[in-house]
Amino acid sequence: MNFQLSEEQLAVQAAARDFAKNELLPGVIERDEHQKFPAEQIKKLGELGFMGMMVDPKYGGSGMDAVSYVLAMEEISKIDASVSVCMSVNNSLVCWGLETYGNEEQKQKYLTELASGQAIGAFLLSEPEAGSDATSQRTTAEDMGDYYLLNGTKNWITNGSSASYYLVIAQTYPEKGHRGINALIVHKDWPGVTVGAKENKMGIRGSDTHSIMFQDVKVPKANRIGEDGFGFKFAMKTLAGGRIGIASQALGIASGAYELALKYSKERKAFGTEIMNHQAVAFKLADMATAIEGARLLCLKAAWLKDQHEDFERAAAMAKLYASEIAQWVTNEAVQVHGGYGYVKEFHVERLMRDAKITQIYEGTSEVQKIVISRSVLRD
Ligand code: CAA
C-alpha cells in the first residue's frame, strides 16, 4: 500500500493552498457577514482549472484524478467553505454527471463551458417536500412530444442564482414512481424559470442558496440526460460521487479549524505558559488530529477507488458520514481552545463551526449515509 502522493498531486495541493491563502482569505469574513457570493474568486478558480478538475481536457476540463480533487477541496475548504461548495457542486454533481451520462452533443454544448469555469451549474433535486425522501418528486416534466413541460419548485439550490444551467430532476410518469423520473438540462434564462429569494443561512453564507420555480418551461427532448426514466438513477449515481466532494469539504473545514487551534495554542499564554503545555489543550489537539487523519484516509480511499473504476459508493458514504460528524466536533473544540476569542469573527473558527453543520445535512444527511452504508454492509 502506497500512501505517497505523486508530484502532480502535491502540485495541485500546493496550488489550491496558495490560492486559498492569497485569494480567499482576504475578504472571507466580509463575504460571510454580508452573504456576498464570491463571483470573482470562482472565476479565478475556473481559470486555474479547479471547476472541472476531473473532466477530460477535450471538454474543457483539467483531466485530474479524484485524489487531486480531494486534496484541492480540502485546501479550499480550510479557508472558505462557501467557495468550496460551489466548486464541489460544479465538479461532482454537474460536470461528472454530464460527462458520464450526457451524450456527445450535450457535452460539446454544456460541459465545455461548465468544466472550463466559463459558466456555473446547479443540481436541482431537493423539493419543499422531497429532501431525504428523494423519490417523492413533485416537479413534473410532462411529455409533450418533442419537448417536456416543466412545472414545480426546487428548494435549497446551491448556485441557484449564479448558475447558467440547471440539471433538473422531475417526474414524467408518476404512475411509475422513481422509474418515471427524468433528468433535464435547463437554462436559467428560459421563459418560466424564476429564481426565488436567497436563503439567509447559518453557515456557508457566501454561497447562494435559492428556491427555483418552473412554470410551463419548455425543455427540448434533446436536453434529457440518458434514457427515458433514467433520472432517479442518474441522481443517485451522481450524488455518490458528490459525497466525496462534501466529505472533503468537511475534512477541510475540520483541518482548517485544527490548524488555527494549534497555532493559537502555541501563542496564547495562561497560567504562566503557552496553553499547548496544558494537557487539557494538548489532548484536545491529539484527539482532533487523530479524527482528521481518519477522515482524510476515508476521503482518499473513496477517491482512489473511484480512480480505479471500482465501486466507491459505500466508501464515499462512509467518508461523508465520518468527515462531517468530526467536522462538527473538531470545529467546536477549536472554538473552545480559543476561549472567548473563538467566539468572535476575527479568529475564523466560529465561522468554520457554523460552516461545518451543513456538511451533516446536504448531499444526503448523516442519517441517509447510514441508510446507504447499512444497506451495503448487510449485503456482505
Ligand atoms: N446507484 C444507482 N441506483 C440507485 C442507487 C445508486 N447509488 N441508489 C438507489 N438506486 C436506485 C435503486 O436501485 C432503486 O431502483 P430500482 O427499484 O429500479 O432497483 C431506486 O434507485 C430507488 O432506490 P431505493 O428503493 O433505495 O430508494 P429509497 O426511497 O429507499 O431512498 C435514499 C434511498 C438513499 C434514501 C435516497 O432517496 C437518497 O439518497 N436520499 C438523499 C437525497 C440527497 O442526497 N439529497 C441531496 C440533495 S443534492 C445537494 O444537497 C446538493 C447541494 O446543493 C450541495
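The values are calculated or read from the model by the stated rules, or taken from the named source; none is laboratory data. Here the structure is a predicted model, which is why all the values come from computation and not from measurement. With ideal geometry, Cβ positions are generated from the backbone for all residues, glycine too; neighbour counts draw on all protein chains shown. Each accessible area value is taken on the protein alone, full model and side chains, heavy atoms only, with ligands, DNA and RNA left out. Shrake-Rupley method; radii C 1.70, N 1.55, O 1.52, S 1.80 Å.
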Index of the failed condition, D146 passing every other in (1) open to solvent by 50 Å² or more (accessible area, probe 1.4 Å); (2) without any contact (Cβ under 8 Å) to a residue 60 or more places away in the chain; (3) not assigned by the TED database to the domain that holds V55:
(2)
Looking only at strands (runs of 3 or more DSSP E) that lie completely in the stretch 121-205, which have at least 1 residues being among the basic types (K, R)?
147-158, 193-198
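Quick check on my filter: what residues within the stretch 124-165 are within 11 Å of the ligand (Cβ to nearest atom) and touching a Pro at 6+ places or on another chain (Cβ under 8 Å)?
Once the filter is applied, which keeps residues that are within 11 Å of the ligand (Cβ to nearest atom) and touching a Pro at 6+ places or on another chain (Cβ under 8 Å), the stretch 124-165 yields only N155.
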Keeping to the stretch 177-208, report how many residues are within 15 Å of D355 (Cβ to Cβ), aliphatic (A, V, I, L, M) and surrounded by fewer than 22 Cβ atoms within 10 Å (Cβ to Cβ).
1
Residue pairs meeting the criteria (Cβ under 9 Å; at least 6 apart or on separate chains; first open to solvent by 30 Å² or more (accessible area, probe 1.4 Å), in the stretch 362-374; second β-branched (V, I, T) and part of a helix (DSSP H, G or I))
Y362/V85; Y362/I246
Are any residues in the stretch 324-351 of a type outside the set (F, W, Y), under 28 Å from I371 (Cβ atoms) and either in contact with a Ser or Thr (Cβ under 7 Å, 6 or more places away or on another chain) or open to solvent by 40 Å² or more (accessible area, probe 1.4 Å) (or both), and if so, which ones?
S324, E325, A327, Q328, N332
Residue list for the stretch 306-324, restricted to those being more than 16 Å from the ligand (Cβ to nearest atom) and over 13 Å from R243 (Cα atoms)
D307, Q308
Anything in the stretch 289-318 that is touching a residue at least 40 places away in the same chain (Cβ under 8 Å) and open to solvent by 50 Å² or more (accessible area, probe 1.4 Å)? List them, or say none.
R296, L298, W304, E313, R314, M318
Mind checking which residues of the stretch 99-123 are within 15 Å of P57 (Cβ to Cβ), in contact (Cβ under 8 Å) with a residue 60 or more places away in the chain and either open to solvent by less than 10 Å² (accessible area, probe 1.4 Å) or within 16 Å of the ligand (Cβ to nearest atom) (or both)?
L114, A115
Being of a type in the set (D, E) and in contact (Cβ under 8 Å) with a residue 40 or more places away in the chain, is that true of even one residue in the stretch 264-272?
no
Which one is least open to solvent (accessible area, probe 1.4 Å) among residues in the stretch 13-35 that are over 24 Å from E113 (Cα atoms) and either among the acidic types (D, E) or not in a helix (DSSP H, G or I) (or both)?
D32
Subset tally (residues that are part of a loop (DSSP other than H, G, I, E, B) and buried (at least 24 other Cβ atoms within 10 Å of the Cβ)) for the stretch 226-256:
0
Unique match (being out of contact with any Asp or Glu (no Cβ under 8 Å at 6 or more places or on another chain) and away from the ligand (no atom under 16 Å from the Cβ)) among A327, A303, A280:
A280
Residue satisfying condition, being buried (at least 24 other Cβ atoms within 10 Å of the Cβ) and either over 13 Å from the mean Cα position of the chain (by Cα) or of a type outside the set (G, A, S) (or both), within set L48, L93
L93
